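> Please find one structure pasted underneath; my questions will follow.
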Amino acid sequence: VHYQLRAISPFNHFNGLSARTLFLQALQAYGWQASTLPVSSELLRQRERYQTLMRDSIQSGDLEDWHKFMAEIIERACRKLLTQLKQMNKLKKQLVEQIGKYTDYNMPVELALALMQQPYIKVIDLVSELRCHRQTAATYLKHLVKMGILVEKRSGREKLYLNKELMDILSN
């Protein structure tokens, strides 16, 4: 599907995005939960080889090298995702340990899980996640900033609290 969409080239833009989206949907149809599989980042990393193989496959009609390349991409994406998941699990354990050791919070696991959902969190997100008062959530977040776990940033009228370590894991 990916190859066919790229090969017919109906548009100058979005062919690659459409092809990758259909590719992930095809993987899901075969039972792979591949929505978080970083296929796009691996394809972008090998853009020149990708384009060369695409052109050569279209011209020759031989798809063997193309299939091998895509299998390599899936393998690399799986390895990358596995590495990221291991790093995230390690970070979550560190957060639980730090929160439990250096604070009086009676729910370090829940707080750590809330911080691991995405690389940033807002007070209102923590309120809904922990079912606590806004002031309590703001106090938690300010304390985590003082501990060096989060970085406070202003975004318009509200504050975002960035989990830099999680952001680093996800961006690599």
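The values are calculated or read from the model by the stated rules, or taken from the named source; none is laboratory data. What you see is a predicted model, and the numbers here were worked out from it, not measured in a lab. So basically every Cβ, Gly included, is an ideal-geometry build from the backbone, and we count neighbours across all protein chains shown. These area figures cover heavy atoms from the full protein model, side chains too; ligands, DNA and RNA do not enter into them. Shrake-Rupley method; radii C 1.70, N 1.55, O 1.52, S 1.80 Å.
> 7 Å from Cα along Cα→Cβ at both ASP62 and THR136: what's the point-to-point distance in nm?
Distance between the two pseudo-spin positions: 6.7 nm.
> Moving on. So what J values fall out for region 42-59 if you push phi through Karplus, 6.51 cos²θ - 1.76 cosθ + 1.60 with θ = phi - 60°, rounded to Hz, Gly and Pro as x?
Along region 42-59, the couplings run 6, 5, 5, 5, 10, 4, 5, 5, 4, 5, 5, 5, 4, 4, 4, 5, 5, 5 Hz.
> Just to verify a number: what accessible area does LYS159 come out at with the full protein assembly present, 1.4 Å probe, Å² rounded to tens?
LYS159 has an accessible surface of roughly 60 Å² with all protein chains in place.
> Next question, about the same structure. Hey, which of these cross-link pairs are over 29 Å Cα-Cα: LYS68/LYS164; LYS68/LYS93; LYS101/LYS122?
Those over the limit are LYS68/LYS164; LYS68/LYS93.
> Leaving ligands, DNA and RNA out of it, rank SER57, SER128 by accessible area with a 1.4 Å probe, largest first.
Reading off the accessible areas and sorting them downward yields SER128, SER57.
> Also, I was wondering about something else. For ILE121, tell me the accessible area in Å² from a 1.4 Å probe, rounded to the nearest 10.
Accessible area, nearest 10 Å²: 10 Å².
> For LEU160, what residues show an amide H to amide H distance below 5 Å, using hydrogens built from the backbone and excluding near sequence neighbours?
Amide H neighbours of LEU160, under 5 Å, 5+ apart: LYS153, ARG154, SER155.
> What number, rounded to the nearest 500 deg cm²/dmol, is the helix-based mean residue ellipticity at 222 nm of the chain, given -39500 (n - 2.57) per DSSP H run of at least four residues and division by all its residues?
One gets -22500 deg cm²/dmol as the mean residue ellipticity at 222 nm.
> If you don't mind, another one. Going by the alpha-carbon gyration tensor, a ≥ b ≥ c the square roots of its eigenvalues, is the chain rounded (a/c under 1.5) or, if a/c is not under 1.5, prolate (a/b greater than b/c) versus oblate?
Here the chain falls in the prolate category.
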